[in-house]
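Scroll down for the structure; my scribbles are underneath it.
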Amino acid sequence: MRKPVIAGNWKMHKLIGESVDTAVELRDLVSNAGHSEVVIAPVFTALRSVADRLEGSNVRVAAQDCSTKAEHTARTGEVCADMLKDAGATYVIIGHSERRQFNGETDETVNAKVKAALKHGLVCIVCVGEDLSQRESGDAQKVVATQVSGGLAGLTLTDMERIIIAYEPVWAIGTGRTATPEQAQEMHGFIRRAIASSHSKECADSVRILYGGSVKPDNIADLMDREDIDGALVGGASLEAGSFASIVNYR
C-alpha cells in the first residue's frame, strides 16, 4: 500500500509570524489524519521557526528548493541540502514548474539537485508536467517522459525509496483550470509505467505520484479515488489552514 502524501507549497507567501500561526492552526486541525503524510513547504526564512512549532506532530516540513551542490562552497544565494535539514526540513520540492519557467531549471539541474538532496537524507518531491502548448500538440507524454528520465537519471533502487513524483499540468496551475480526474489518472499511470521501464515494476508500484494542478477541497476526493493518484501537491488552497485541512481530511 502506498501511503498518500498531501503537501502544501506556500511558494513566496507569509512572513515568519504568519507561517508559524498557519502551521500551528493546521497542526491542530490534522492531528488525527493518520491516513496520509502531511507536509508543508514554507519559505526558507521560516523553516526553522515552523519546524520547531511542529515538532512532535504529524506535520512534516519541506523546503521549496535546494542547491545542485551537496557540499558547502562559493555559491552566493544558494542553500545546500544539509542546511535545509539543519533548519528542520525532511522533504524538498525539486523542479517545480515555476522554477523551470522563471529560473531556467533543466532536467539536468533537477537531477543534480535530487542527488544532492538524497546525499543528505531528504525526501525529494520531484515535479514534472507539460504546458498548454505541449498538451495541445499531443506531446504531453513525451515531455513528461523526458522529465522523468532526466530527473531520475542514475538513481538506484535504494535512492528511489526517497523519491515522490508530483505531476503538475502546468496549464492547470493558478489558472482555475483542472485536469479531469480521468486526465490526471491517465498521466499518473503513464508515469508509473515509465518508472517501471527505467527502474523496475516493483519500484514503480511503490513510488508515490501526487497530482498538482489547482487542487481544492471540492475536487480532492474525486482525484484520490483514482488508482495511480497517491496524493496532492497543493498551492493556493494550502495557504489557509482550514482549506488545507479540508484537503488533508478528504476521507
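Values quoted throughout were computed directly from the atomic coordinates according to the rules given, and no laboratory measurement underlies them. Note that the structure is a prediction, hence the values are computed from the model and not measured. Here the Cβ is made from the backbone with ideal geometry for all residues, glycine too, and neighbour counts use every protein chain on show.
Summary table below
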quantity	calculated
Order by protection proxy (mean Cβ within 10 Å, highest first), peptides 91-102, 18-29	91-102, 18-29
Percentage relative contact order, the chain, counting C-alpha pairs under 8 Å, at least six apart	21
From phi via Karplus (6.51, -1.76, 1.60), per-residue ³J(HN,Hα) for region 221-228 in Hz, x at Gly/Pro	5, 5, 5, 6, 7, 8, 4, 9
Spin-label zone in region 29-62 - amide nitrogen under 19 Å from a point set 7 Å from the Cα of MET12 along the C-beta vector	41-47
For peptides 159-167, 182-190, sequence by mean Cβ density within 10 Å, most packed first	159-167, 182-190
Entries of LYS11/LYS69; LYS85/LYS216; LYS85/LYS119; LYS69/LYS201; LYS11/LYS216; LYS14/LYS113 with Cα pairs more than 19 Å apart	LYS11/LYS69; LYS85/LYS216; LYS69/LYS201; LYS14/LYS113
Debye intensity ratio in log₁₀ form over the Cα atoms of the chain, taken at each q of 0.11, 0.15 Å⁻¹	-0.52, -1.03
Distant-in-sequence amide H partners of ILE93 (H built 1.01 Å from N, under 5 Å)	ALA63, GLN64, ASP65, ILE125
Unit charges on C-beta of K, R, D, E only; dipole of region 5-248, Debye	480
Overall form of region 157-251 per C-alpha gyration tensor (a/c, 1.5; a/b vs b/c)	prolate
Distant-in-sequence amide H partners of ALA166 (H built 1.01 Å from N, under 5 Å)	VAL126, CYS127, VAL128, LEU210
Length added when fully stretched, ASP218-LYS3, from 0.36 nm per residue minus Cα-Cα	75.3 nm
Projected label distance in nm at GLU240 and ASN103, using a 7 Å step from Cα toward the beta-carbon	2.8
Positive-pole candidate from GLY138, HIS120, PRO169, dipole of region 5-248, charges at beta carbon	HIS120
Debye, to nearest 20: dipole size of region 58-167, +1 on Lys, Arg Cβ, -1 on Asp, Glu Cβ	260
222 nm mean residue ellipticity, helices alone, for the chain (DSSP H n ≥ 4; -39,500 (n - 2.57); rounded to 500)	-12000 deg cm²/dmol
Kyte-Doolittle mean at least 1.6, axial Cα span of 15 Å or more - DSSP H helices of the chain	none
